[in-house]
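Notes follow once the structure below has been shown.
The values are calculated or read from the model by the stated rules, or taken from the named source; none is laboratory data. As the structure is a prediction and not an experimental result, all values here were calculated from the model. Positions of Cβ are backbone-derived with ideal geometry, glycine not excepted, and every protein chain shown enters the neighbour counts.
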Amino acid sequence: MINLPRLAIPDATYKWWALGATIIGGFMSILDTSIVNVAVPKMMAVFAVDTDKAQWILTAYMLTMGVLQPITGYFCDAFGMRRMYLFSLMLFTAGSALCGAAWSNDSMIAFRVLQAVGGGMIIPVTMSLVFFLFSPKERNMAMGIWGISAMVAPAVGPTLSGYLVEYWDWRLIFTINIPVGIIGYVIAALVLRETPMRRGGKFDYGGLITSSLGLFCLLLALSEGADEQWTSAYILSLFYVAFASLSLFTAIELNHENPILDLRLFKNWNFTFSTIVVFIGTTGLFGGIFLIPLFMENLRGLTAMQTGLLMFPAAMTSGLMMPVAARLADKFGAKPLVVVGVALLALGTFPFTYIDLDTSSKTVWLIMVIRGLGLGLFMMPVSVLGMNTVPLSLISRASAMNNAIRQISGSLGIAMLTTILQNRQIFHLAQIAENINQASAPARQMIDYGEKLFSHAGSTAGAAHLKALVFLSSLAQKQSFVFAFDDAFFALGLVCFIGVLPALLLKQVKGHKGEGGAPVMME
């Protein structure tokens, strides 16, 4: 790493400088979880590979991030948060540069892993730094500002990627990180001060091995289950290994003097239920980011950039609500905001149950803004409410736990929705086929209309009839997909609605025991 002389920043304002310096890395890391998706078809053509091989460009990044996040807390304690942030940002920037120069699919996958090693550590490190620097009474506002990047980046990714792929060069989605990463590194090196380091005790090798193996198998099974079939020997084996490894990991962590993830944190009431709300909220966030583009692009025919522009106002609503939510949480407490926010997320998801090919873009935009309003209200306050009850010495471990849960919930949500889409599309297509056949009057009328249309276009009688049947079949398939999306949105809305229960079980913060003490809670 390159060490630069640090700026002489007054103690009173240092924490705000540090927050501003680390937002850059956080935004870049989260952005790259979604920016690559749109460019995958282009990479398939350039590298001459099929979907199965190209999918690993996305999967490798997600798996590496998931495996690394649990151990980030230990590294922060052992080496200091400043050193870990600079190291992770340097790795992420170097990985981005190599991805931009990749010459094959295999090299791209390898460089994406390197990029993810840095990206996977940036988020928990920056979150830990926020909680370490700011007192409990200031954390709502600090996390509100930090959370702007966390909420806006996933929605900006497809828009930016679509623009770069369509009008410039797909490699820019990686190389654009280089100047931003260098500037971010220099600013952080000049601003950040090192945090206290706590070395000592035996390293938790057993926890490292079992958590890495367990999370790798779990995330891999969730990402490939829909394609490989959930009941296949391959997926069931992954789940078995994941269950066995994570069970052993739990036993090791509860008995180790210096665990990678301190599972005893779940004895803390607010931390436990805030983690559940975060799990459900992240599922709702990434579920919407997954379903909406799929529907608008595959069924409505919008481009990736058009879809990104449609989603952008909701992302901006979430981002703008973060500081507002922080002020409201300081005034009224976080719990009411969390309850209202989760309820708004559910209310903004259920209307999509009735989405169809005629639903206007304005209606979609309005419903998504309601979702964005809900997410902006509760995502950061609920994290602060849970983390405020954690001792300062365990903040880095709690942050690593929080982010590992987010990674798992995002993957689980997408896996669940993909399975629902596939199964319900088959179900609805079978139902439509039962009612639409040549014996039914509506079907007969549509076939006759199609025959006349294609005959008028110059087709022979036989060809016109065949084209009319193909046209009718395509309509049936498209409608079955619409019904499947409606079912998937209903399931997602139900999951979000369930999140109201753990939100109600949170304990309201009454006050603070000074700058670093744990808050006092009311039953």
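At a glance:
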quantity: Of all residues in the stretch 165-184 being buried (at least 21 other Cβ atoms within 10 Å of the Cβ) and touching a Ser or Thr at 6+ places or on another chain (Cβ under 7 Å), the one that is nearest to Ile24 (Cα to Cα); calculated: Gly181
quantity: Complete set of residues in the stretch 95-108 that are among the small types (Gly, Ala, Ser) and either within 16 Å of Ile35 (Cα to Cα) or buried (at least 24 other Cβ atoms within 10 Å of the Cβ) (or both); calculated: Gly95, Ser96, Ala97, Gly100
quantity: Flag if Val125 is over 15 Å from Ile24 (Cα atoms) and β-branched (Val, Ile, Thr); calculated: no
quantity: Hey, Pro136 out of contact with any helix residue (DSSP H, G or I) (no Cβ under 6 Å at 6 or more places or on another chain) and either of a type outside the set (D, E, K, R) or assigned by TED's automatic domain parsing to the domain that holds Phe47 (or both) or not; calculated: yes
quantity: Selection from the stretch 251-264 of residues that are out of contact with any Ser or Thr (no Cβ under 8 Å at 6 or more places or on another chain) and at pLDDT below 90; calculated: Glu253, Leu254, Asn255, His256, Glu257, Asn258, Pro259, Asp262, Arg264
quantity: Every residue from the stretch 345-401 that is in a loop (DSSP other than H, G, I, E, B) and among the hydroxyl-bearing types (Ser, Thr, Tyr); calculated: Thr349, Thr359, Ser360, Thr389
quantity: Any pair with Cβ under 6 angstrom, 6 or more apart, that starts in the stretch 88-101 at a residue that is outside the structural domain of Ile24 (by TED's automatic domain parsing) and ends at one that is at pLDDT 90 or above and of a type in the set (Asp, Glu); calculated: none
quantity: Set Ser245, Ser237, Ser274: member being hydroxyl-bearing (Ser, Thr, Tyr), buried (at least 17 other Cβ atoms within 10 Å of the Cβ) and more than 22 Å from the chain's Cα centre (by Cα); calculated: Ser245
quantity: Top-ranked residue in the stretch 8-27 [being at pLDDT 85 or above and of a type in the set (A, V, I, L, M); ranked as nearest to Thr159 (Cα to Cα)]; calculated: Ile24
quantity: Sole exception among (1) closer than 25 Å to Tyr185 by Cβ; (2) without any contact (Cβ under 8 Å) to a residue 40 or more places away in the chain for Ala60, by number; calculated: (2)
quantity: In the stretch 291-315, the residues that are surrounded by 20 or more Cβ atoms within 10 Å (Cβ to Cβ) and aromatic (Phe, Trp, Tyr); calculated: Phe295
quantity: Among the candidates Phe132, Phe111, Phe92, residue that is in a helix (DSSP H, G or I), surrounded by fewer than 21 Cβ atoms within 10 Å (Cβ to Cβ), aromatic (Phe, Trp, Tyr) and modelled with pLDDT of 85 or more; calculated: Phe132
quantity: Index of the failed condition, Met197 passing every other in (1) modelled with pLDDT under 85; (2) assigned to a helix (DSSP H, G or I); (3) of a type in the set (A, V, I, L, M); calculated: (2)
